[in-house]
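Okay, so here's the structure we're looking at.
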Amino acid sequence: MATVKIGNMTLGTVPRVVGIIDRPMPVERLQKFIDRGIDIFEIRADLFNKPVDRVIAYIKTVKESISSPLIGTVRETDRNRADRIDLLVSLSKHVDIIDVELGIPEWRDVVAGVAGSSAIIMVSEHDFNATPDIAGLKDIVKRSLKQGARIVKIAVTAKTASDVTRLLRFTEDCEVPVVTMAMGDAGKISRVAAPLFGSLFVYGYLRKPVVPGQLSALAIARALKVYY
């Protein structure tokens, strides 16, 4: 398993669980999640539906109150399309990982903006239709590295058990720090199994699922404790 350090945490030694913050939560509640096995939090700023300055202010509060690493993510919406890149760069000053989608036209602007921060870039690819073959998965990694990735995140849609096993086989053989998961009902098992094959961490919801097949972060943490 490849390793990478974010903040004071080394990824790749044991599986880590990421809890998704889709709206501001009190830091006291976040601490309770940490006490129950959540290692990292993803700030889904695009789901907050709040002005940029309020999003940044909340992240600063979280960063000052808890020691867990933070991932900053801003998926494109009609509301943020004009200033999304500026928001991504602003987030990078206050998080440990910044999530940038593979192939966005402005990726060079993001890389340049993030360069002045301590955040590392995770390039992500989501396939909501299928699971690519091994060659396709390797190509995603290759293109992600060209886009400045320190970590490559691949989320696919599994329709059969063989889709999941192919993804796990790829994960085990990948020499680049990688995060993998399979969406959909057939892919649910990957939320627990992928870390055992080398995925650096796994995402789970804190309030409600954000994508199909997503499990509760607390449920994942409990399951992983059986193996680690």
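On the basis of being surrounded by fewer than 20 Cβ atoms within 10 Å (Cβ to Cβ), at pLDDT below 95, at negative phi and within 18 Å of the chain's Cα centre (by Cα), does L102 make the cut? No.
Could you list, in sequence order, the residues of the range 142-162 that are crowded, with 20+ Cβ neighbours inside 10 Å and in a helix (DSSP H, G or I)? Within the range 142-162, S144 is the sole residue that qualifies. Of all residues in the range 26-82, those that are among the aliphatic types (A, V, I, L, M), farther than 21 Å from K5 by Cα and assigned to a helix (DSSP H, G or I) total 8. Restricting attention to the range 207-228, the residues being at pLDDT 95 or above and assigned to a loop (DSSP other than H, G, I, E, B) number 0.
One residue alone among G72, G19 is touching a Phe, Trp or Tyr at 6+ places or on another chain (Cβ under 7 Å) and under 19 Å from K153 (Cα atoms), and that residue is G19. The set of residues in the range 205-228 being touching a Leu at 6+ places or on another chain (Cβ under 7 Å) and under 20 Å from Q31 (Cα atoms) consists of A217 alone.
Cβ-Cβ distances below 7 Å connect the following pairs, each with a first residue in the range 127-153 that is more than 16 Å from E101 (Cβ to Cβ), a second residue that is small (G, A, S) and not in a strand (DSSP E or B), and a separation of six or more residues or different chains: T131/A158.
The values are calculated or read from the model by the stated rules, or taken from the named source; none is laboratory data. Since we're looking at a predicted model, the values are computed, not measured. Neighbour counts are summed over all protein chains in view; Cβ atoms, including those assigned to glycine, are modelled from backbone coordinates with ideal geometry.
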